[in-house]
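These notes concern the structure reproduced below.
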Amino acid sequence: MSSQQEIASAAQEFSLGQFIRATPHGNGHINDSYLAEFSRDGVPVRALLQRINTTIFTNPVALMENIERVSNHLADKYDSADHTSRTILHLHRTSKGESFFLDPGGNYWRAFQFIDRAHSIDRIQNNNQAFEAGRAFGHFQRQLADLPAPRLQDTIPGFHYAPTRLGNLKKILAEDPIGRVKSAQPEIDFVFKRLSLIRSLIDANLPERTTHNDCKLNNVLFDDETDKALCVIDLDTVMPGLLPFDFGDMVRTIPCSSDEDEQNLSKVKLNFKTFSALSRGYLSSVEGFITEDEKNLLVTGGMLITFLIGIRFLTDHLSGDKYFRIHREGHNLDRCRVQFRLLESIEEQKSKLEDLIASI
Ligand code: ADP
Ligand code: GN1
Ligand code: MG
């Protein structure tokens, strides 16, 4: 976490008026996010100020170039300026006209227009929200289908490349840097029983698309009034990818009946009705654009991404919690267990889920 002084100095670079305060905001695992408040001639102005996690995003300049290209492309799709203000992320520029501010301590800061009267959720409250989230992420993919060349830069190379994720786990198992391997044996065994999943999407020869790559439920904002999905956020991993990666993250976080870090595993399962609402929402947006092969592999995407994120939580637990922000001892192991329990639930329902997708 940054000091109040560092946060205030960064906030002032964006020329949004007299800086008042910044308070930590949201439940993201990666960046430091603040709701920053200003006063411009007595009128309140709010921004979502973020310190980019440069341990994870090692090329923040390339990352910001991607975000600028993506948000400009999305903005071009809307002709009414009013409409764009709450449905697309807009970057504020610094007084020098840059999309980010590099502070003397080497921290990279950016500020997005704060989307008012909207909120993110960590768990679904009704199936309409599942439909809405699926529709919004599908719409996002569709709108990026005609992003002009060149290809976006890989902000984290091999992000969803399963052999690399497995390789990282094997490396940590061999090193066992903080002696946690012994206590995670059931989870380790779980992984090695499912190695057939590792190449499940790689060998399918699906087309490369521009995808979000982090379509978890709390990366879409819902309108406070209508409960409709308003805006897809968290654009750090928007880069070349496969459609089932994104659907996979939706399956992992939307029809899951529990929180991502639930300790009582009997609460964790895939809710079929919510999955159905999600699938209908998603397919309503990508119809005519998704290929038959991609559609046939959406459930596989759900299994693979749930598995991979479980492996990543496990690897981070064994490494000493260096990647995902944690709030308690063993937090990443709890998160891993939920992913693996959810994967079992998806496996149990696999053919029913595939039949449903085929019927839409
Ligand atoms: P992280 O990469 O750490 O997940 P996010 O970009 O997802 O960070 O932001 C964290 C949280 O902040 C989101 O889940 C959301 O609740 C909130 N948030 C992000 N951007 C905005 C915005 N422009 N307006 C309002 N809230 C936002
Ligand atoms: C991170 O940034 P956030 O909290 O939206 C992570 C995702 C994981 C997710 C697990 C850049 O997402 O890949 O699936 O946590 N983002 C990055 O909840 O690693
Ligand atoms: Mg996020």
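General observations
- Positive dipole terminus of the chain, leading residue within Leu243, Gln50, Thr315 (C-beta point charges): Thr315
- Cα Rg, Dmax, region 4-116, angstrom units: 13.9, 40
- For region 90-153 versus region 312-340, the gap between their alpha-carbon centres in whole angstrom: 25
- Relative contact order (%) - region 4-116, alpha-carbon pairs under 8 angstrom, separation at least six: 26
- If a spin label sat at a point 7 angstrom from the Cα of Asp146 along the line to its beta carbon, the backbone N atoms of region 195-211 nearer than 17 Å would be those of 210.
- Entries of Lys170/Lys273; Lys228/Lys322; Lys216/Lys295; Lys193/Lys269 with Cα pairs more than 25 Å apart: Lys170/Lys273; Lys228/Lys322
- Evaluated over region 227-350, the Cα radius of gyration and Dmax, each in Å: 15.1, 47
- Taking every C-alpha pair closer than 8 Å and separated by at least 6 residues, the mean separation divided by the residue count of the chain gives a relative contact order of 19 percent.
- Dividing the Cα radius of gyration of region 195-291 by 2.2 N^0.38 Å, with N the residue count, gives 1.18.
- Rounded to the nearest 20 debye, the dipole size of the chain about its Cα centre is 580 debye, using +1 on the Cβ of Lys and Arg and -1 on the Cβ of Asp and Glu.
- Top of Lys295, Lys170, Lys216 by mean-square fluctuation, Gaussian network on the chain, Cα under 10 Å: Lys170
- With a cut-off of 15 Å between beta carbons, the residues surrounding Pro207 carry a summed charge of -3, where Lys and Arg count +1 and Asp and Glu -1.
- Shown for the chain is the translational diffusion coefficient from the Stokes-Einstein equation, using the Kirkwood radius over Cα pairs, a temperature of 37 °C and a viscosity of 0.692 mPa s: 155 µm²/s.
- Counting only alpha carbon atoms, the long axis of helix 162-175 and the longest principal axis of the chain meet at about 80°.
- A straight line joining the Cα centroids of region 5-68 and region 169-207 runs 36 Å.
- Each principal axis of region 135-199 carries a Cα extent, and these read 49, 24, 20 Å when sorted largest first.
- Using the Cα coordinates of region 50-171, the gyration tensor eigenvalues translate into equivalent-ellipsoid semi-axes of 25, 23, 17 Å, sorted from longest to shortest.
- Mean-square fluctuations from a GNM of the chain, with a 10 angstrom spring cutoff on Cα atoms, peak among Val268, Val181, Val238 at Val181.
- Restriction of the GluC sites (Glu not before Pro) in region 5-99 to DSSP coil positions whose beta-carbon has at most 15 other beta-carbons within 10 angstrom yields Glu98.
Each reported figure results from applying straightforward, stated rules to the coordinates on display, with no laboratory input. Please read these numbers as outputs of a predicted model, since none were measured by experiment. Counting neighbours? That spans all protein chains shown, and the Cβs are built from the backbone with ideal geometry, glycine included.
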